[in-house]
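Below is one structure; the comments refer to it alone.
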Amino acid sequence: MTLFRRLLGATALAGLLAAAPAQAQTQITIQHPLPGNSHYGAGALALKEAFERATNNRFRVNIQRNDNEREAIESVQIGTIECSLTSTGPVGNFVPAVRNVDVPFLFRDYAHARGVLDSEIGQQLLAQFQPRGLVGVVWMENGFRHLTNSRREVSVPADVRGMKVRTMENPVHMRAFSTLGALPTPMAFSELVPALQQGTVDGQENPIPVIVANNLNQVQRFLTLTAHVYSPAILICNPGALGRMNAADRAAFQEAARAGARANRERVTADEASGVEELRRRGMAVVTQVDTAAFQTALAPAFAEYERTLDGALLRRIRDWR
Ligand code: EAX
């Protein structure tokens, strides 16, 4: 075959390949409310890298910031985005059973919380998402929440009396703060900083990783290490989006989500180790001597209500988990 014919053949083939569309990547959008340089950012990025690698880039994971968690979950429900990485803050409004893990002082420490959520208890809660048109893919972590405010040092329940405290859109948390005599004001995270700047609220509560990542030291003077509630996070996805994956890709996505959860928890652990010192360095007055027993005693009426209105048996099972 002459050189000319061979060149002609090669050009035609190149032309054919160029014309053939590159296999379209399937886009998966994950929204979360925090900066990229955060414990949520770390989790989402690890998931992205693991899933794109496992699928040879047949899938592309787009990570977007949306600091209105309820809105993001609604978008997952209607399918305008595929997934949301969110705290359980507003999740109980979609899957009521999740409110059980929002009870203050329910978890003793990180090992207890992570153990329960990774156990059958956590899996049974995830299974409750399907009937609500959502998929609970994996538990991630926000962290133990602490109170900050701009008015005074807080170390006992009486110190929060009459204080306007921003809470998440979460009736369990709101009940706790009203029981302490504070004035809980529920709002999305997107509204928090303006509300603190304008004095609409005096205080708020969040884990150290969130306070550090969002520079809340710039709008809050006092930090009290109340650790009053463990704040789980969760990756929630649209059933249709996951249903369109073949079995191997679905398994790869689940494995990537687990890798994301590991990276997220590692970041929380790291932020917990350095965050309080970092906030002191940024000028916050940190109260470490907190009368936790007094807060638990003051919350007794709320605990009694949770036993009645939530799943009392599940709460006991979680408390007894070892
Ligand atoms: O999930 O709303 C909140 O205070 C949450 O902790 C924050 O959005 C991270």
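The values are calculated or read from the model by the stated rules, or taken from the named source; none is laboratory data. All figures in this text were calculated on a predicted structure; none of them were measured in a lab. FYI the Cβ positions are ideal-geometry reconstructions off the backbone, even for glycines, and counts take in every protein chain you see. Heavy atoms of the whole protein, side chains included, go into the accessibility calculation; ligands, DNA and RNA do not. Shrake-Rupley method; radii C 1.70, N 1.55, O 1.52, S 1.80 Å.
List pairs: first residue in the stretch 247-271 and touching a residue at least 12 places away in the same chain (Cβ under 8 Å), second residue of a type in the set (D, E) and surrounded by 15 or more Cβ atoms within 10 Å (Cβ to Cβ) anywhere in the structure, Cβ distance under 6 angstrom, at least six positions apart or on different chains.
Filtered contacts from the stretch 247-271: N264/E141; R265/E141; V268/E141.
Being open to solvent by less than 50 Å² (accessible area, probe 1.4 Å) and away from the ligand (no atom under 16 Å from the Cβ) is the filter; apply it to the stretch 159-175 and report the residue that is nearest to E69 (Cα to Cα).
Step one: filter the stretch 159-175 for residues open to solvent by less than 50 Å² (accessible area, probe 1.4 Å), giving 159-160, 162-163, 165-170, 172-173.
From the residues that got through so far, the ones that are away from the ligand (no atom under 16 Å from the Cβ) too are 159-160, 162-163.
Details: D159: 30, V160: 26, G162: 27, M163: 25 Å.
It comes out as M163.
Looking at the stretch 147-163 only, could you name the residues that are in contact with a Phe, Trp or Tyr (Cβ under 6 Å, 6 or more places away or on another chain) and over 20 Å from N217 (Cβ atoms)?
Within the stretch 147-163, just P157 meets the criteria.
R145 - would you say it is more than 16 Å from the ligand (Cβ to nearest atom) and touching a residue at least 60 places away in the same chain (Cβ under 8 Å)?
no
When both residues are 6+ apart or on different chains and their Cβ atoms are under 8 Å apart, which pairs have a first residue that lies in the stretch 16-36 and is at pLDDT 95 or above and part of a loop (DSSP other than H, G, I, E, B), and a second that is open to solvent by 20 Å² or more (accessible area, probe 1.4 Å) and away from the ligand (no atom under 16 Å from the Cβ)?
So the pair list comes out as G36/L45.
Considering only residues of the stretch 207-236 that are hydroxyl-bearing (S, T, Y) and more than 10 Å from the ligand (Cβ to nearest atom), which is farthest from V76 (Cα to Cα)?
Keep residues of the stretch 207-236 that are hydroxyl-bearing (S, T, Y), which gives 224, 226, 230-231.
Subsequent filtering for residues that are more than 10 Å from the ligand (Cβ to nearest atom) retains 224, 226, 230.
Values: T224: 35, T226: 33, Y230: 25 Å.
Within the stretch 207-236, the match that is farthest from V76 (Cα to Cα) is T224.
Considering the stretch 84-125 alone, what residues qualify as being under 23 Å from A298 (Cβ atoms) and free of Cβ contacts under 8 Å to residues at least 24 places away in the same chain?
R108, D109, listed by residue number.
Give me the residue from the stretch 176-206 that is within 13 Å of the ligand (Cβ to nearest atom) and part of a loop (DSSP other than H, G, I, E, B) and, out of that set, farthest from the chain's Cα centre (by Cα).
For the stretch 176-206, the residue satisfying everything is V201.
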